[in-house]
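The values are calculated or read from the model by the stated rules, or taken from the named source; none is laboratory data. Please read all numbers here as calculations on a predicted model, not as lab measurements. For neighbour counting, all protein chains shown are included, and Cβ atoms are generated from backbone atoms with ideal geometry for every residue, glycine included. The area values use the complete protein model at the heavy-atom level, side chains included, leaving out ligands, DNA and RNA. Shrake-Rupley method; radii C 1.70, N 1.55, O 1.52, S 1.80 Å.
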Amino acid sequence: ETYAALSGDCANEAEVLVIPEGGYHPLGAAGASLIMDAIPDNNYTHIYLPVGTATTLAGILRKSAADQIICAVPVLKGLNDLPQRLKKLNAGLAYSTPSVIDQYHFGGYARSRQVLLDFMNAFYNTYAVPTDFVYTGKMMFAVMDAINRNEFTSGTRILCLHTGGLQGNASLPKGSLIF
């Protein structure tokens, strides 16, 4: 879960900097919380985001309003330790419990199925927003599925956080995506 950035000849451990995967650290969550500061007129009822290490989720929870529903869409199959991750990332801080929507992982981290790729292409055709199959495509599939199942009441305002990851699409066979 961690990567080491090495400096010098690494003659001693003092020259090793360990960087947690995905920024998984309370400082990463603090940085991710700044996303909320960049949202003008934050009157959204629901905020959706994909979840890997849960660092961005922890940050969003730090600054979300008490009446906002934070919808976490795990991209990993069997992400069963989310409460423990959030407790570590937000130690000593008050935060709300997210709504976890865990059936859109499409087989696990960096895995996809043709139905997801077809959705991503259709989504791009409709909205001109590129998504990736690792994170944002899965989250948007979950959002659009909830909309299509009429899960939201009139007046619901949904914010979807596109957390990047488009570079992962380069690993797909040529022609899989139209963008």
Condition met for Leu177 (in contact (Cβ under 8 Å) with a residue 60 or more places away in the chain, over 16 Å from Ile47 (Cβ atoms), not in a helix (DSSP H, G or I) and not charged (D, E, K, R)): yes
Search result, residues across the range 66-105 that are closer than 21 Å to Leu159 by Cα, part of a loop (DSSP other than H, G, I, E, B) and open to solvent by 50 Å² or more (accessible area, probe 1.4 Å): Ala66, Asp67, Tyr95, Thr97, Asp102, Gln103
Count of the range 9-54 residues which are small (Gly, Ala, Ser) and either modelled with pLDDT under 90 or open to solvent by 60 Å² or more (accessible area, probe 1.4 Å) (or both): 5
Selection within the range 153-174 - open to solvent by 50 Å² or more (accessible area, probe 1.4 Å) and either closer than 24 Å to Gly28 by Cβ or assigned to a loop (DSSP other than H, G, I, E, B) (or both): Thr153, Ser154, Gly155, Arg157, His162, Thr163, Leu166, Gln167, Pro173, Lys174
Scan of the range 48-65 for residues that are in contact with a Leu (Cβ under 8 Å, 6 or more places away or on another chain) and outside any strand (DSSP E or B), ordered by number: Gly52, Ala54, Thr55, Thr56, Leu57, Ala58, Gly59, Ile60, Leu61, Arg62
Residue ID - nearest to Ala65 (Cα to Cα), chosen from residues in the range 113-152 that are of a type in the set (Ser, Thr, Tyr) and open to solvent by 40 Å² or more (accessible area, probe 1.4 Å): Tyr135
Test set (1) modelled with pLDDT of 95 or more; (2) in contact with a strand residue (DSSP E or B) (Cβ under 8 Å, 6 or more places away or on another chain); (3) open to solvent by 20 Å² or more (accessible area, probe 1.4 Å); (4) closer than 19 Å to His46 by Cα - Leu61 fails condition number: (3)
Subset of the range 133-157 that is of a type in the set (A, V, I, L, M, F, W, C) and more than 16 Å from Leu117 (Cβ to Cβ) - its residue that is nearest to the chain's Cα centre (by Cα): Val143
Residue under evaluation Gly108, criteria (1) of a type in the set (Gly, Ala, Ser); (2) open to solvent by 10 Å² or more (accessible area, probe 1.4 Å); (3) modelled with pLDDT of 95 or more, criterion not met: (2)
Pair list, Cβ < 6 Å and 6+ apart or interchain, from the range 31-54 residues that are within 14 Å of His162 (Cβ to Cβ) and hydroxyl-bearing (Ser, Thr, Tyr) to residues that are open to solvent by 10 Å² or more (accessible area, probe 1.4 Å) and assigned to a strand (DSSP E or B): Tyr48/Cys160
